[in-house]
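Participant: Here's a structure for you.
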Amino acid sequence: KAHALREIMLTHDKIFVMGHKNPDADCVGAALGIYRLSKALNKSTYIVMDKDCPAIEPIVDGIYRERADEEEDIFVTNEEAMLLKDKSAMLIVVDVNVPAMTECPELLKSISTIVVLDHHRQSNETIKNAVVSYVEPYASSTCEMVAEILQYIVDKPKLKNIEADAMYSGILVDTDNFVIKAGVRTFEAASYLRRLGLNTADVKKLFNVNKEDYDHRADIVKTSKIIV
């Protein structure tokens, strides 16, 4: 799958990476991993994602802090993506395999070469016209899958620290801190990210909440009721 993906990417000039609506840590982490892979192959790369989504705000803020010296914006809106696409473009969909749930279904319809990387089970509404469909329900997260793919395609991918942190965050969230669906491959992916610059202390900070939010959560828990 990894080598097939590499061969397809090499034959296209523009690569769009797209996740699902209301992106989470696994979605943005996987997108960043594919982005770095694509840049290693010297391709023009764009992540089609709502960067203003509250769930990924700490990661996005970290990306812009670490990329302060770079002019290009790795994120594009749906409208910008539709204008940028051309015959040389391909689309890599991460963390979702249902067309209606993607960030920009219109982009899905207008690009002929599509690759799907996801860990959710497929349904009757899955993306059917993908040239490569790597859907692995036994994987803990899409970030785990992307970490494995990186090992096969790039000898030493130059992930920025925030990108490694984001991918690890995706694994953490989807496994509930390595409790659910965490297998040997999950820990191997985490170890690989650690070698690439992952800082677990920084990841912990990404999940910190301010006192106001903490108080709101405490009030919700305090006033909740168990209905039998």
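The values are calculated or read from the model by the stated rules, or taken from the named source; none is laboratory data. Not measured: the values here are computed from a predicted model. Every residue, glycine among them, receives a Cβ derived from its backbone with ideal geometry; neighbour counts consider all protein chains shown. Accessible surface areas use protein heavy atoms only, side chains included; no ligands, DNA or RNA. Shrake-Rupley method; radii C 1.70, N 1.55, O 1.52, S 1.80 Å.
Participant: When the dipole is taken about the Cα centre of the range 183-228, and only Lys, Arg (+1) and Asp, Glu (-1) are charged at their Cβ, what size is it in debye, to the nearest 20?
Facilitator: Working: 9 positive and 6 negative charges, 38 e Å.
The calculated dipole for the range 183-228 is roughly 180 debye.
Participant: Something else now. Summarise the accessible area of the chain (1.4 Å probe, protein heavy atoms) by the percent that is carbon and sulfur.
Facilitator: 52
Participant: With a 1.4 Å probe and every protein chain left in place, work out the accessible area per residue of the chain in Å², rounded to a whole number.
Facilitator: Values: 12200 Å² over 228 residues.
Using a 1.4 Å probe on heavy atoms only, each residue of the chain averages 54 Å².
Participant: Taking the Cα centre of the chain as origin, sum charge times position over the Cβ atoms of Lys and Arg (+1) and Asp and Glu (-1), and report the length of that vector in debye to the nearest 20.
Facilitator: 660
Participant: Mind checking which of VAL17, HIS120, ALA100 is farthest towards the positive end of the chain's charge dipole, using Cβ charges of +1 (Lys, Arg) and -1 (Asp, Glu) about the Cα centre?
Facilitator: HIS120
Participant: Of the DSSP beta bridges with both residues in the chain, give the percent that are antiparallel, rounding to the nearest 5.
Facilitator: Antiparallel: roughly 5 percent of the beta bridges in the chain.
Participant: Right, something else. Per DSSP H run of n ≥ 4, the term is -39500 (n - 2.57); total these for the chain, divide by its residue number, and report the mean residue ellipticity at 222 nm rounded to 500 deg cm²/dmol.
Facilitator: Per the formula, -14000 deg cm²/dmol.
Participant: Next question, about the same structure. Check SER133: other-chain or 5+ apart residues with amide H under 5 Å from its amide H, H built from backbone geometry?
Facilitator: VAL116
Participant: Another question, if that's okay. For the range 3-95, just run the numbers: alpha carbon Rg, then divide by 2.2 N^0.38 Å, N being how many residues it has.
Facilitator: Normalised Rg, Cα atoms only: 1.04.
Participant: Let me ask you something else. Divide the volume of the convex hull of the Cα atoms of the range 91-228 by its number of residues and quote the answer in cubic angstrom per residue. Walk me through the numbers before you get to the answer.
Facilitator: On the way: hull volume 24.0 nm³, N = 138.
Spelled out: Cα convex hull of the range 91-228, divided by residues, is 174 Å³.
Participant: For a protection proxy built on the mean count of beta-carbon atoms within 10 angstrom, sort 1-12, 146-157 highest first, please.
Facilitator: Packing order, densest peptide first, comes out as 146-157, 1-12.
Participant: Using a 1.4 angstrom probe and counting only protein chains, how large is the accessible area of GLU66 in Å², to 10?
Facilitator: Counting only protein heavy atoms, GLU66 exposes about 70 Å² to solvent.
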